[in-house]
Each structure stands twice: as C-alpha cells, then as structure tokens.
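Chemist: The following block contains the structure, expressed as structure tokens.
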Amino acid sequence: MVDLMVYLLAHSYPIQDNEFEEKLIGFYSTLDNAKQAILRLTTQNGFKNYPNDFVIRCLTLNEYFECDYLRDCGEAVTAVAENIENSQFGELDIIDFLIYEHSYQIADDIWQDDVKFFGVFDKQIGSAYYASLKQRFTQGELFVSSYRLDTDHWEEGFVTVSY
C-alpha cells in the first residue's frame with residue numbers, strides 16, 4: 001500500500017522571541033496545489049505584508065505525530081524528494097486534523113495556551129486516535145477539525161480595525 005501524502009500550508013512569522021503568529025491555511029493533495037494557494041494569498045491583506053512566511057510541510061495521511069507548532073509538523077518540503085508522485089485520494093476529499101488545546105491561568109490576567117497537533121487522518125482512523133488521546137489528555141480540550149482538501153480555509157491574513 002502506498003502512503004498518501006498531504007501538504008499542510010501555514011503562514012508563520014515571529015512576533016517576539018520564541019513566539020510566532022501561525023495560521024493554518026489548509027491541506028492540499030499535491031505540492032503544486034499548495035504552491036498555487038500561496039500565489040492566490042500573497043495578494044491578500046496581511047499575507048502580502050509577509051509574502052515569504054508561508055510554510056509547506058509534507059505529512060503522511062494516517063500517521064501519528066506530535067508537534068507544538070504548525071511549522072514543525074511533518075517534513076519540510078525541501079526534504080521531500082522532488083520526484084514524489086502525486087497522491088491519489090479518489091473518494092477521500094475531507095480529512096481530520098487532531099488538535100489538543102489546553103488554556104490555563106498563570107497570573108491574574110494572564111492565560112497560557114498549550115496547543116499540540118497530532119496528525120492528519122481519514123475519518124475512521126482519526127476516530128480511533130481521538131479515543132486513545134482522549135484518555136491521555138484529561139484537562140483541556142481535544143478536538144478534531146475537518147478540512148476539505150485543496151481548499152483555502154484562511155483567506156485574509158489580518159482583520160483591519162478602524163477607530
């Protein structure tokens with residue numbers, strides 16, 4: 001059986017020492033589709049201010065991983081062989097991304113967010129991982145976000161507020 005590869009596209013840039021602003025744009029069935037999304041988004045507000053801060057990561061569908069930042073999930077595209085064949089998804093067009101989020105208070109008005117990403121799965125396998133992770137993480141919230149492949153899920157980099 002051939003592993004199906006999925007390309008995660010994120011926009012990530014530093015805002016302070018060891019702090020990053022990250023936006024998950026979407027998941028794409030081919031590297032070319034992810035690159036086309038970058039071309040579409042670099043003209044949008046916010047993204048056009050940071051055109052070199054897009055990150056594409058190659059993930060294996062139904063393979064468990066654990067990472068703290070989107071920019072660290074899977075393998076960097078430069079590490080992926082150029083001659084990799086395009087994945088054949090057939091009927092599969094929606095995937096699940098498992099995310100754990102735990103917010104806790106560290107001072108009177110200061111909250112800390114702990115976010116972990118666990119993998120990209122089809123519905124059936126994702127359900128099994130969700131059940132096992134639910135037992136492991138008893139505080140915070142474990143949730144599944146479903147994404148349609150080859151769809152830009154974040155289309156504007158920033159909200160413009162006028163006073």
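The values are calculated or read from the model by the stated rules, or taken from the named source; none is laboratory data. What you are looking at is a predicted structure, and each value in this text was computed from that prediction instead of being measured. Don't worry about glycine lacking a Cβ; one is built from the backbone with ideal geometry, like all the others, and counts go over all protein chains shown. Calculation scope for accessible area: heavy atoms of the full protein, side chains included, ligands and nucleic acids excluded. Shrake-Rupley method; radii C 1.70, N 1.55, O 1.52, S 1.80 Å.
Yes/no per residue for (1) modelled with pLDDT of 65 or more; (2) assigned to a helix (DSSP H, G or I); (3) touching a His at 6+ places or on another chain (Cβ under 6 Å); (4) closer than 23 Å to D150 by Cβ:
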site: A10; (1), (2), (3), (4): yes, no, no, yes
site: D32; (1), (2), (3), (4): yes, yes, no, yes
site: Q44; (1), (2), (3), (4): yes, no, no, yes
site: I84; (1), (2), (3), (4): no, no, no, yes
site: L98; (1), (2), (3), (4): no, no, no, yes
site: Y104; (1), (2), (3), (4): no, no, no, no
site: W111; (1), (2), (3), (4): yes, no, no, no
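Chemist: On to the next question. Take the conditions assigned to a loop (DSSP other than H, G, I, E, B), small (G, A, S), modelled with pLDDT under 75 and open to solvent by less than 60 Å² (accessible area, probe 1.4 Å) and apply them to G90. Does it pass?
Modeler: no
Chemist: Something else now. When the range 49-72 is examined, which residues are found to be within 17 Å of V6 (Cβ to Cβ) and either surrounded by fewer than 18 Cβ atoms within 10 Å (Cβ to Cβ) or touching a residue at least 60 places away in the same chain (Cβ under 8 Å) (or both)?
Modeler: Selection gives L59, T60, L61, N62, E63, Y64, F65, E66, C67, L70, R71, D72.
Chemist: When the residues of the range 124-150 are narrowed to those that are within 29 Å of L31 (Cα to Cα) and open to solvent by 100 Å² or more (accessible area, probe 1.4 Å), which ends up modelled with the lowest pLDDT?
Modeler: The qualifying residue modelled with the lowest pLDDT is Q124.
Chemist: May I ask you to list the residues in the range 16-29 that are modelled with pLDDT of 80 or more and either over 15 Å from the mean Cα position of the chain (by Cα) or open to solvent by less than 10 Å² (accessible area, probe 1.4 Å) (or both)?
Modeler: If the condition is that a residue be modelled with pLDDT of 80 or more and either over 15 Å from the mean Cα position of the chain (by Cα) or open to solvent by less than 10 Å² (accessible area, probe 1.4 Å) (or both), then K23, I25, G26, F27, Y28 are the ones that fit.
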